[in-house]
Amino acid sequence: MRSTGKRRVLFAVLATAAVLLLSTAVLAAGDGGDAAANPFTNTAWALLPPVIAITLALITKEAYSSLFVGILVGALLCCSFAPVATLDAVVNDGLISAIAGNAGIFLFLVILGAIVALVNASGGSAAFGRWAAKNIKTKIGAMLATFVLGILIFIDDYFNCLTVGSVMRPVTDNHKISRPKLAYLIDATAAPVCMIAPVSSWAAAVATVISDNDLNLGYDGIELFVRAIPYNFYSLLTFVFIIVLALMKFDYGPMKLREMNAMLHGDLGAQEESAGEEANPKGKIIDLIVPVVVLIISCVVGMIYVGGFFGGSCDGDFVAAFANTDATVALPWGGLITLVFTVAYMVARRLTSFKGAMACVPKGFIAMVPPITILTLAVSLKSMTSALGADMFVKAAMEGASQGLYSLLPAVIFVVACLLAFASGTSWGTFGILIPIVSAVFEPGSTPLVIGVSACLAGAVCGDHCSPISDTTIMASAGAQCDHLTHVATQLPYAITVAAVSFVTYIIAGFTKSVWISLPVGIVLTIATLFVIKSMTRKKA
């Protein structure tokens, strides 16, 4: 086993070295040091850094060094291999910018980690686990309960991932559901549900893209978003996939091995947690429910407050306030209120002392160090990709594709959005690039325009769902307390299955232009695909 691992690492290092040597050779044939004439910008080379990072991560099963190599390659290409400029790009344009730009999300992660530590110390999580053991009696029930909670928390994907994970871990652990399976359930209901919820940070982001680009679509931003919901096949078919997979009681691909290990050997695949602490026997379910409810209410109020609902630019307009909000400010706003409330509540209930409550703050920070580190590196990698002009390259490729068969365009848009989101790790950046292009291809106010926009949004979610450098995927791993690359590897076959069915469904929608035909066909195809896979895996077994 060790020799196999060493060969993988050696192969990864050699592959990286070969790519760098090839890049150097191409550069030597070019102009050289002039940044304005950089031969790598606005070309396919812009996608090389994320491709290297993702490939290395999948080969070596190690995220930190893989992401850093991708950042380094991106900086080398951006700076035409000038050593000092490359170092400056890695530190200033990459890491420091990533930390500064995501300070709010990092703060929310730390605050939520402290809240989870407090709830665990109070015995609230253990009490909920005992209640769930009595009332959720089957593995199917535990998976569907996780799915339903994920659907209900549709305000923001970060908030969804971390809240659903902290609440449902005791339930899924009790029924021997592996942490990678929990991470998939979280990830598959985080971004997809936000992308079909009119009142969410994602709907606000889409509306902002449309208004900022002053696009002539025949609809305003929120109206177009709502009209696109029935055609968002990837999100809707993912929900069908989860329900049917749970009811059929089977798994396939790497997830099958993880679920077998959990069921037969009790190996849940969890990351190291704070062991040795016994739950407070005085804790009750209410001690979990109250902080979660306060967190939800505080974050919603925080989002509309930051959006200007209370006497600001969107005075009294709930939807407009969501469209105008900034989640990186609003979520820490709500989280801090919840943390103060939870400390006071736990001390008043005499579940912990004030000193014990304060000891939970550094514990929460320590628990969130891995996702914060991965998120910093992933955002730095996105910065390098953006600096190389990946958006311009994809825009040119997309405009070229639009000259082909008109009815196949929704399927083409879906694939392009998938690939761009997978390589860049951002769905918001993906639909920010593609929506203006889609608006120029289709007639304003037409059904094909709605289908094209929905294909763009669905593809962005799909690529984001598959990408190991996606912030939502990282949050899902953090919420389930699961190894990040294990989560990516186990969920990839599931996401690709739904993506393949969605691609076929978009072909049908492009020709029929009817959701009443295409969506039912997509649902039937999803169910039929699962039956075929189950039959094939049974024969193989």
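The values are calculated or read from the model by the stated rules, or taken from the named source; none is laboratory data. In this text the structure is predicted, and so the values were computed from the model without any measurement. Counting neighbours? That spans all protein chains shown, and the Cβs are built from the backbone with ideal geometry, glycine included. Please note that ligands, DNA and RNA were not included when accessible areas were found on the heavy atoms of the full protein model with its side chains. Shrake-Rupley method; radii C 1.70, N 1.55, O 1.52, S 1.80 Å.
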* **Among the listed pairs LYS256/LYS282; LYS249/LYS282; LYS61/LYS249; LYS137/LYS181; LYS61/LYS534, those beyond 26 Å (Cα-Cα)** => LYS256/LYS282; LYS249/LYS282; LYS61/LYS249; LYS61/LYS534
* Quick one: net charge of ILE186's neighbours, Cβ under 13 Å, K/R +1, D/E -1? -> +1
* To do: Might you work out the accessible area of LYS134 for me, using a 1.4 Å probe with all protein chains in place, and round it to the nearest 10 Å²?
  => 150
* To do: For the range 349-490, report the convex hull volume of the alpha-carbon atoms normalised per residue, in Å³, without decimals.
  => 152
* **Value of relative contact order over the range 151-195, rounded to a whole percent, pairs C-alpha under 8 Å and six or more apart** => 58
* Structure fact -> Counting Lys and Arg as +1 and Asp and Glu as -1 over every other residue whose Cβ sits under 9 Å from the Cβ of THR472, the net charge comes to -4
* Lys/Arg +1, Asp/Glu -1 at C-beta; the range 443-541 dipole; positive extreme among VAL524, THR490, ALA478 -> VAL524
* Largest-first principal axis extents, alpha carbons of the range 95-161, Å -> 48, 27, 18
* Structure fact -> Between the modelled labels at ILE366 and GLU62 (7 Å from Cα along Cα→Cβ) the distance in nm is 2.4
* **Coil-residue chymotrypsin sites (Phe, Trp or Tyr not before Pro) of the range 427-504, DSSP, other Cβ within 10 Å capped at 11** => none
* Heavy atoms of ARG258: accessible area, 1.4 Å probe, square angstrom to 10 -> 80
* To do: Using label points projected 7 Å from each Cα along Cα→Cβ, tell me how many nm separate LEU152 and ALA44, to one decimal.
  => 4.9
